[in-house]
Amino acid sequence: MKFGENCIPQVSIDCVVFGFHAHQLKVLLLRVRSMEYYALPGGFVGQEEALDEAAQRVLQERTGLTELYLEQFYTFGQRNRGEIEMQQKLAEVNQLSSAEWLQKRFISVGYYALVDFSLVKATPDALSDSCDWYDINQLPMLMMDHHQMIQKALDTLRIMLEYKPIAFNLLPESFTIAELQRVYETILGKELIRTNFQRKILSLEILERIEKNIREGLTKPRMYTDLNPQKNRMNRRRSMRFFFDWKVTF
């Protein structure tokens, strides 16, 4: 979709894409073309397009994935969130015919996505030099209020872990309980007691134990997968506060 062409004026989409790799929580970022700034994957909303459809389209273009866990988490509409000089330079560097349209104030709808790091084919957009993963604790210089967006998305993710078992979406189809625990510990920023964690996860009865050899001669770890991957990984909306007492017991 071209800039300003058949789009809803002054409304944009920004997506915080979380991945998990090497015991680190990662965020997908674009390096803005010919500038020192980085930005979240984003885009605009077509006149005949729903917000969720626009977010799915943007993420498919940036990640190559057609199915991923996606949630709207906040709307950013502060009066001073735009940086006119930066937007002017962006328009000039890229010789955009819609420069005036781009330089107006925008209200941005924020989404966060949880993806399997290994499946993503990071692809830059027309205004970016690169698209790559960055450790959430070592972020480069971000444009506008994108750092605030990432923090808000992370805060929301931490809260949602108390209600929905969505962290599975950051792992491959099969995984060990230890790997899942590392994901939770990384997101929450604290250690969890193994026995408590395992008991709570298995009590949900949404996993199936499978046999899998990792290396010949080594004891097989207990591997698990979703009972119904298509349903559970894409739409875990069952309301449950099953992790509520972690703050007390862990």
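Before moving on, here are some points about what is shown:
- With 0.36 nm allotted per residue and the present C-alpha distance subtracted, the Q24-E208 stretch has 63.7 nm of extension available.
- For segment 134-193, the set of trypsin sites (Lys or Arg not before Pro) satisfying both a DSSP loop assignment and a count of at most 12 other C-beta atoms within 10 Å is given as K190.
- In this structure, the residue pairs whose Cα-Cα separation is over 24 Å, taken from K121/K190; K121/K200; K26/K164; K26/K200; K26/K121; K26/K190, are K121/K190; K121/K200; K26/K200.
- Förster-model FRET efficiency, 41 Å R0, R57 and D155, C-beta, rounded to 0.05: 0.95
- Per DSSP, loop GluC sites (Glu not before Pro) in segment 1-85 with at most 13 further Cβ within 10 Å: E5, E36, E48, E67
- Gain in span if fully extended, N6 to R81, counting 0.36 nm per residue against the direct Cα distance: 24.6 nm
- Segment L139-A50, length gained on full extension (0.36 nm per residue, minus Cα span): 29.0 nm
Each value in this text was obtained by applying a stated rule to the coordinates, not by laboratory testing. Every value quoted in this text rests on a predicted model; they were computed, and no experiment measured them. Positions of Cβ are backbone-derived with ideal geometry, glycine not excepted, and every protein chain shown enters the neighbour counts.
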